[in-house]
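This report refers to the structure that appears directly beneath it.
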Amino acid sequence: VVDRFEITSVADFDGIERTAFVELILGSGASFAFGLQSDEGGIIMENSSSVRGNIYSNGSIVGSGGNLVYGDAVSAGSGGSAATNGYVEKIHATGTIWANTIIGSEADGDVQCDTIDASSPPGPTASEVHGDAYCDNILGGTLVHGSTFSGPASDQPTTSLPIDDNLVRQWETEASAIGTTTPGTCPWVINTDTTLNGVITCDVEISGNDTITLEGPVWIRGNLTITNQPTIQATTTLGISSVQLIVDNPNNRSTSSQIDIRNSTTFTGASAGSYVLLLSMNDDAENGGSEPAVIIEQSSDGDVLVYAGSGEVRIKNSASMKEVTGYVIRLQNNSEVVYETGLA
């Protein structure tokens, strides 16, 4: 059951009146505070990939040479190496960089760290800080344009990801209550305009320049493949609410429960502030494997949030997302994440 509240506040001062209005929905959900958020697997930025928003990692943050983060970059913890956490290498942040150890990176804002080492610079220059540096050790000719303060900075705390397994189970229960679809053949190939909700009991392949409308939570008990320029949209009756597209095969979360999206897929919310949440329960990365949970590439974009709390998310080519959360996140080619303030 979802309750909706409209709250209006009116103030008057010296004959000048101001009115503020907010619409609130009470229901199960999650808030996303960062453009990228990863668990211990960390964030890898390759080629010319970039993020417009802040990034927060319980593991390391490793670029390939000056990858742009238009915001702050935080690698939490005190590990101080690429194999652990508290480590940032070869990125350019327009805000503040927080890490135990920073190697060959650039910050337009402040740097909070124990050690800056410029021995592995992102380009022709060494590490560079256009704001202030709060570090115990600054090595290798690092350029600090602001002030330098001695003494170790406080390592930032690791944090839990915004969606836990209990919330996923609740959403799957809601999908089960809607009903179950058992296609005559598996995988179920969808190549015409189709409305989806509830549980689907096998792999799903969406192929063609068609419109797929999500009327409520969808739970695919297998894999999801999307190709050839379809539009995936939340039904307009959802208003400002978002819709979940869950891919979870409880019997196989290592080589199944995967999402593969290619060829200019477009995602559309029900209205401004509404999103399609793609959620994979694949956990191979968390268990030390190399199977991806989510692959998105080739100009796929729109009102989409990507979540794989125990798996690896790979975003390639010119794909553009609103927010990405994963155990491991790998950005490749010209991929970009553009965060919108207040995602919920």
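The values are calculated or read from the model by the stated rules, or taken from the named source; none is laboratory data. All values derive from a computational prediction rather than experimental measurement. FYI the Cβ positions are ideal-geometry reconstructions off the backbone, even for glycines, and counts take in every protein chain you see. Calculation scope for accessible area: heavy atoms of the full protein, side chains included, ligands and nucleic acids excluded. Shrake-Rupley method; radii C 1.70, N 1.55, O 1.52, S 1.80 Å.
Of all the residues that make up region 84-108, how many are part of a loop (DSSP other than H, G, I, E, B) and either touching a Leu at 6+ places or on another chain (Cβ under 6 Å) or within 17 Å of residue 156 (Cα to Cα) (or both)? Total satisfying the criteria: 7. Look at (1) more than 20 Å from the chain's Cα centre (by Cα); (2) surrounded by 22 or more Cβ atoms within 10 Å (Cβ to Cβ) and you find that residue 232 fails only one, number (1).
One residue stands out in region 237-261 among those that are within 18 Å of the chain's Cα centre (by Cα) and either open to solvent by 10 Å² or more (accessible area, probe 1.4 Å) or without any contact (Cβ under 8 Å) to a residue 12 or more places away in the chain (or both): the one that is nearest to residue 163 (Cα to Cα), namely 244. For region 31-78, the set of residues classified as open to solvent by 30 Å² or more (accessible area, probe 1.4 Å), within 24 Å of residue 310 (Cβ to Cβ), hydroxyl-bearing (Ser, Thr, Tyr) and more than 15 Å from the chain's Cα centre (by Cα) consists of 78 only. Between 115, 84, the distinction of being of a type in the set (Val, Ile, Thr) and open to solvent by 50 Å² or more (accessible area, probe 1.4 Å) belongs to 84 only. Against the list (1) open to solvent by less than 60 Å² (accessible area, probe 1.4 Å); (2) modelled with pLDDT under 85; (3) at negative phi, the condition residue 154 fails is (1). All of (1) under 22 Å from residue 61 (Cα atoms); (2) open to solvent by 10 Å² or more (accessible area, probe 1.4 Å) hold for residue 270 with one exception: (1). If you go through region 100-112 and keep only what is in contact with a Ser or Thr (Cβ under 6 Å, 6 or more places away or on another chain) and open to solvent by 10 Å² or more (accessible area, probe 1.4 Å), you end up with 100, 101, 103, 108, 109, 110. Taking region 309-322 as the range and being in contact with an Asp or Glu (Cβ under 9 Å, 6 or more places away or on another chain), open to solvent by less than 20 Å² (accessible area, probe 1.4 Å) and at pLDDT 90 or above as the test, the residues that pass are 309, 311, 312, 315. Scoring residue 149 on the criteria (1) aromatic (Phe, Trp, Tyr); (2) open to solvent by 30 Å² or more (accessible area, probe 1.4 Å); (3) under 30 Å from residue 327 (Cβ atoms) leaves a single failure, condition (3). Of the strands (runs of 3 or more DSSP E) lying entirely inside region 185-280, those containing at least 1 residues that are within 25 Å of residue 309 (Cα to Cα) are 194-200, 204-207, 211-220, 224-227, 231-234, 243-247, 259-261, 266-268, 276-280.
For every residue, the table says whether it meets (1) open to solvent by 10 Å² or more (accessible area, probe 1.4 Å); (2) closer than 20 Å to residue 30 by Cβ.
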{"residue": "278", "(1), (2)": "no, yes"}
{"residue": "286", "(1), (2)": "yes, yes"}
{"residue": "303", "(1), (2)": "yes, yes"}
{"residue": "306", "(1), (2)": "no, yes"}
{"residue": "335", "(1), (2)": "no, no"}
{"residue": "340", "(1), (2)": "yes, yes"}
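Per the listing 69, 88, 74, the residue uniquely touching a residue at least 60 places away in the same chain (Cβ under 8 Å) and β-branched (Val, Ile, Thr) is 74. Considering only region 139-162, I want to know if a residue exists there that is more than 23 Å from residue 113 (Cα to Cα), assigned to a helix (DSSP H, G or I) and out of contact with any helix residue (DSSP H, G or I) (no Cβ under 7 Å at 6 or more places or on another chain). Looking for residues that are more than 23 Å from residue 113 (Cα to Cα), assigned to a helix (DSSP H, G or I) and out of contact with any helix residue (DSSP H, G or I) (no Cβ under 7 Å at 6 or more places or on another chain), one finds none in region 139-162, hence no.
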